[in-house]
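Working notes, structure below.
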Amino acid sequence: MKITDYKNKLAELILTVIREGGSDLHLGAGRVPAIRVAGELIFLVKDSVFTMEDMTGILGEILDKTHLDKFMETKETDFSYDFRGEARLRGNAFFQKGSINIAFRLVPKVKALDELRLPPILADLARKKQGFFLVVGPVGQGKSTTLSAMVNLINNEQARHIVTIEDPIEHVYIPNKSIINQREVGIDTSDFHVALKSVFREDVNVIMIGEMRTPETIATAVTAAETGHLVLSTLHTNNASQTIDRIIDSFPGDQQDQIRAQLSSSLLGIFSQRLIPRIAGGLIPAYELLLNNNAVANLIREKRTHEIDVVIETGMESGMVDLNHSLVELVRAGEISIENAHQYSLNPKGLKRMM
């Protein structure tokens, strides 16, 4: 059946995602739409197969002419989409085999840390006056949602100037006790690094960087954390030790000792999370938390990051959390299956010994 009203068709599909408790919507020429629910792709087989004309029509409802022309030239673009003021989606449009595809991610409403089943110690970290805190994990594991909860906790508790630098803007905050300025790359600033350098002249207390993509951005973020700012950001890494190595390895060899020294003094912690299917339905986070202390700082400076995993395992009394311990607790509470615990563990043999 030919689509005649693209705006209504897009609304119908977004409402389907919301109604089914889904996280993503996939559209592409030559196939029916698909949604992701609790990690699984579901094809909407009762829908019509989308044509290239349909994809162009849908894209015309999302992008203005300038962005649409740029997409046709560059063949890919990131965007955010406000749905009737009721929901917000971030997305990416791209070409494959000459056809347009679009992937939408439904941005959850800003929630409190306890609603997200996250540890209370994240609230303590959000209340820090300065330092560098990272939320890491693969794509689609709730990193942005965790950061939004921390930012909103600051907003609701303290009078601070918060600047977010995002591409695109995801969660939209309603200022409460804080001033919140949200800057979108490509609209409000040319890139992350330029916006980040500007914060030093903007009387900022808290900086949230949507993603650290270049050594220049990382270096400026670490410097900001050293000079009296609380800096929150994300990286697509698996755990704390890998995150530290990734940061250091992104710099030329002659700069690595300096970044090690800066990181060892400015780092607050690294939170790595995974969203795991619950037995009762839906998803629940399992996580690892590294907190910087003298032992961790020494390991970073002395190029012994491979020993950080042991520090986390033995640092539970100081608030650190080992991923396997988090998984075991969820299994014992009847939240997740043993099979899923093993699937998501980064050390399955160690997990087996704990069960």
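Given the structure, is V135 loosely packed, with under 15 Cβ neighbours inside 10 Å, in contact (Cβ under 8 Å) with a residue 40 or more places away in the chain and in the same structural domain as V222 (by TED's automatic domain parsing)?
For V135, the condition - loosely packed, with under 15 Cβ neighbours inside 10 Å, in contact (Cβ under 8 Å) with a residue 40 or more places away in the chain and in the same structural domain as V222 (by TED's automatic domain parsing) - is not met.
When region 187-216 is examined, which residues are found to be without any contact (Cβ under 8 Å) to a residue 40 or more places away in the chain and either of a type in the set (D, E) or out of contact with any helix residue (DSSP H, G or I) (no Cβ under 9 Å at 6 or more places or on another chain) (or both)?
I187, D188, S190, D191, V194, A195, S198, R201, E216
Quick test for you: out of F271, F251, pick the one residue that is part of a strand (DSSP E or B) and either buried (at least 17 other Cβ atoms within 10 Å of the Cβ) or among the hydrophobic types (A, V, I, L, M, F, W, C) (or both).
Only one candidate qualifies: F271.
So, N181, is that one surrounded by 19 or more Cβ atoms within 10 Å (Cβ to Cβ), in the same structural domain as L290 (by TED's automatic domain parsing) and either on the phi < 0 side of the Ramachandran plot or part of a strand (DSSP E or B) (or both) or not?
Considered against the rule, which asks whether it is surrounded by 19 or more Cβ atoms within 10 Å (Cβ to Cβ), in the same structural domain as L290 (by TED's automatic domain parsing) and either on the phi < 0 side of the Ramachandran plot or part of a strand (DSSP E or B) (or both), N181 comes out as no.
Looking only at residues in region 184-234 that are assigned to a loop (DSSP other than H, G, I, E, B) and of a type in the set (A, V, I, L, M), which one is surrounded by the most Cβ atoms within 10 Å (Cβ to Cβ)?
Restricting to residues being assigned to a loop (DSSP other than H, G, I, E, B) and of a type in the set (A, V, I, L, M), the top hit is M212.
Looking at region 154-195 only, could you name the residues that are of a type in the set (A, V, I, L, M, F, W, C), farther than 22 Å from E216 by Cβ and modelled with pLDDT of 95 or more?
I154, A159, I162, I179, I180
Scan region 58-92 for residues that are modelled with pLDDT of 90 or more and either of a type in the set (V, I, T) or in contact with a Phe, Trp or Tyr (Cβ under 6 Å, 6 or more places away or on another chain) (or both) and jot them down.
I58, E61, I62, T74, K75, E76, T77, L89, G91 - these are the residues of region 58-92 that are modelled with pLDDT of 90 or more and either of a type in the set (V, I, T) or in contact with a Phe, Trp or Tyr (Cβ under 6 Å, 6 or more places away or on another chain) (or both).
What's the number of the condition L153 fails, among (1) farther than 30 Å from D54 by Cβ; (2) in contact with a strand residue (DSSP E or B) (Cβ under 7 Å, 6 or more places away or on another chain)?
Checking L153 against (1) farther than 30 Å from D54 by Cβ; (2) in contact with a strand residue (DSSP E or B) (Cβ under 7 Å, 6 or more places away or on another chain), the one that fails is (2).
Please state which one of N152, N156, N176 is assigned to a helix (DSSP H, G or I) and surrounded by fewer than 16 Cβ atoms within 10 Å (Cβ to Cβ).
Checking each option against the conditions leaves just N156.
Yes or no: D257 charged (D, E, K, R) and closer than 14 Å to I308 by Cα?
When the stated conditions are applied, D257 does not pass them.
Where in region 286-355 are there helices (runs of 4 or more DSSP H), lying wholly inside it, with at least 3 residues that are in contact (Cβ under 8 Å) with a residue 12 or more places away in the chain and in contact with a strand residue (DSSP E or B) (Cβ under 9 Å, 6 or more places away or on another chain)?
294-301, 308-313, 323-332, 338-344
Select from region 93-103 the residues that are surrounded by fewer than 14 Cβ atoms within 10 Å (Cβ to Cβ) and either in contact with a Phe, Trp or Tyr (Cβ under 6 Å, 6 or more places away or on another chain) or touching a residue at least 60 places away in the same chain (Cβ under 8 Å) (or both) and list them in ascending order.
Once the filter is applied, which keeps residues that are surrounded by fewer than 14 Cβ atoms within 10 Å (Cβ to Cβ) and either in contact with a Phe, Trp or Tyr (Cβ under 6 Å, 6 or more places away or on another chain) or touching a residue at least 60 places away in the same chain (Cβ under 8 Å) (or both), region 93-103 yields only Q96.
Could you tell me whether region 214-228 includes any residue that is among the hydrophobic types (A, V, I, L, M, F, W, C) and under 28 Å from T66 (Cβ atoms)?
No, because not a single residue in region 214-228 is among the hydrophobic types (A, V, I, L, M, F, W, C) and under 28 Å from T66 (Cβ atoms).
Tell me which of these M52 doesn't satisfy, since it passes every other one: (1) more than 30 Å from R183 (Cβ to Cβ); (2) in contact with a Leu (Cβ under 9 Å, 6 or more places away or on another chain); (3) among the aliphatic types (A, V, I, L, M).
Of everything listed in (1) more than 30 Å from R183 (Cβ to Cβ); (2) in contact with a Leu (Cβ under 9 Å, 6 or more places away or on another chain); (3) among the aliphatic types (A, V, I, L, M), M52 misses just condition (2).
The values are calculated or read from the model by the stated rules, or taken from the named source; none is laboratory data. Here the structure is a predicted model, which is why all the values come from computation and not from measurement. All Cβ positions, glycine included, derive from the backbone under ideal geometry; neighbour counts span all protein chains shown.
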